[in-house]
Every structure is written in structure tokens, then in C-alpha cells.
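What follows is a single structure, written as C-alpha cells, with notes after it.
What follows draws every value from the coordinates through simple rules; no lab data is involved. Keep in mind the model is a prediction, meaning the values are calculated, not measured. Positions of Cβ are backbone-derived with ideal geometry, glycine not excepted, and every protein chain shown enters the neighbour counts.
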Amino acid sequence: MIKIIIAGGDEAGRGAVIGPLVVSVVAIKKSREKKLSDVGVRDSKLLTRKRREFLYDEIGSLAEEIKVYKIEPAEINSAMASKISLNELEAVHFAKLIDALSSPIRRVYLDSPDVIPEKFGMRIKMVSSKPLKINRIRHKAESGAIKIFSEHKADSIYPVTSAASIIAKVVRDRSIDRIQDKIGIEIGSGYPSDMKTVNAIRENLASKTFMCNTREMWMTLKNIKQMKISEFLEGAKAPKLKYADKNQESLAD
């Protein structure tokens, strides 16, 4: 019997201003996919941290392979200074994770950040060393090509993508914990919608140890620096926050 192996890819921390953007790919036998749903795997945003931690181990026991990469703030800042969008940077690292899989993957289901979802798949195809065929895009497929399904809200549709979202979220949560322990400052979730995060930034702008953990190139951070906290948190009076690149807008995880 041929063992079909599929994979899912997702990220955590895209909309954050502190900490890494974590990308994750989970590969699993197709025959085990239902077990992911059976143990409660779903979009990480719908789960408590305690539940995600539990499922992290469950996913590890069911998966053939798990690949993770943390895109640290320094790399994000450097990319943005070079006019590389977050979508492009994310695609490069998803390509690297897919290339690193040793299992014979048939399909990969990715949560796409691009307005046109298939465009994200094409970004990955352009830098991957493996033959890829993007679903819904007409192009000559190479022999043995991996089919890429790049879709909006894939983490809510495909259990294997939900699994990747949980892995990425747990890794990011743990990274935030390590940052707090290292600098001795409570930073909250790291998202600009979090008052603890905003307060931490405003109070530590002069600290190089603190600021090296932030995405300094983001317009969001510039707004925090310039505005009073009360103005920033009062959406009706504060100007609409924008990221430096239109492709970088994202809801918090």
C-alpha cells in the first residue's frame, strides 16, 4: 500500500511588533490526518495556550516531520530596509522548509497572506529547489511535482495546516517568554493591540537590549513612539495604523 504524505504550512507573529515571525511546516501520512481532528487540532487562534501546548506534543507524535524557522526582528528589519516585503520573506522561508522535508510529499496546504492566494504559492515556487505545481495556476508541471494549495484561511480548512499553526504559535509563545526572562520586562503578547506591549515599548525606547527585539522598521512602531499611549489605544481619535508595506497588514494571532 502506497503511503501518501501531505503537509501544511502556517505562521505565527505576523502582526506583532515584538518577537519573531515563526513559520512552520508539518508533514503527516494522509491516513493519519483524521487523527489530528480527533485530538482537537484546529486553528491555533481558537485555542488556549494550555491546549496548544498539549496539542504540540500530540502533533509531534503523529507527524512524519516538523520543520520550524524563526524569522527574528533583525532579519525582518533588514529585509524591510532592502524593500523586501513580509510576504516575500515569508515565502522564502516556507520554500526552505519544504525543501528541507525528506518525506515524499504529495501536497502542501498553505495559509496564504497574499490578496491573490495563489500568488504566495508562486513566490515559493520561484525560490524552491523542488518541483512545485501551484493549484489553479496553469503551467507545465515537472515530473513528481508537489502540488501546492495556497489558500486564505487554510488553517481553518485543513487539519494539517491547523497543526502547523499550532506548532508556530507555541514556538512563538515560548520565544516571547524567553525574551521577557532575558530582559526582565513584561511585554505582553508582543502585538500593538496589547497595552502591556505598548507600555513596554514606550518605556524602553532608549534600551538597546529591549529594542533589538522589536521590528523597528514598522510604521506601527513609529506611531507608538510618536503618539501618547491614550491616543494610541483610543481608536476613534488615533490615526489608522499602517504597516510600511501593504502586504504586511495582518490580524493578530
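Measuring against 24 Å, Cα to Cα, the residue pairs 3/67; 96/208; 67/196 contain 96/208; 67/196 as the ones spanning a longer distance.
Taking R0 as 22 Å, what's the FRET efficiency between residue 65 and residue 147 from their Cβ-Cβ distance, rounded to 0.05?
Working: r = 18 Å, r/R0 = 0.81.
Computed FRET efficiency for residue 65 and residue 147 comes out at 0.80.
When you count the other C-beta atoms within 10 angstrom of each residue and take the mean per peptide, 113-121, 153-161, 77-85, 53-61 line up highest first as 153-161, 113-121, 53-61, 77-85.
Tell me, what is the FRET efficiency for residue 183 and residue 53 to the nearest 0.05, using R0 = 30 angstrom and their Cβ-Cβ distance as r?
Details: r = 23 Å, r/R0 = 0.77.
In this case the efficiency is close to 0.85.
Length gained on full extension, residue 219 to residue 115, computed as 0.36 nm times the residue gap minus the Cα-Cα distance: 35.4 nm.
Phi angles of segment 11-28 translate, via the Karplus equation with coefficients 6.51, -1.76, 1.60 and θ = phi - 60°, into HN-Hα couplings of 10, 9, x, 4, x, 6, 10, 10, x, x, 9, 9, 10, 9, 10, 10, 10, 8 Hz per residue; Gly and Pro are given as x. So I have (i) 0.95; (ii) 1.07; (iii) 0.99, and one of them is Rg/Rh (Cα atoms, Kirkwood Rh) calculated from this model. Which one is it? Derived directly from the coordinates: (iii). Considering only 194, 173, 38, the Gaussian network model of the chain with Cα springs below 10 Å gives its largest mean-square fluctuation to 38. Placing pseudo-labels 7 Å out from each Cα toward the beta carbon at residue 157 and residue 195 gives an inter-label distance of 3.9 nm. In the chain, the DSSP beta bridges split such that about 55 percent are antiparallel, to the nearest 5.
The length gained by stretching the chain between residue 39 and residue 140 to full extension, at 0.36 nm per residue less their Cα-Cα distance, is 32.5 nm.
How high is the relative contact order of the chain? Use alpha-carbon pairs under 8 Å, at least six apart in sequence, and give a whole percent. Kindly include the intermediate steps, with their values, before the conclusion.
Details: 481 pairs, mean separation 72.3, N = 253.
Rounded, it is 29 percent for the chain.
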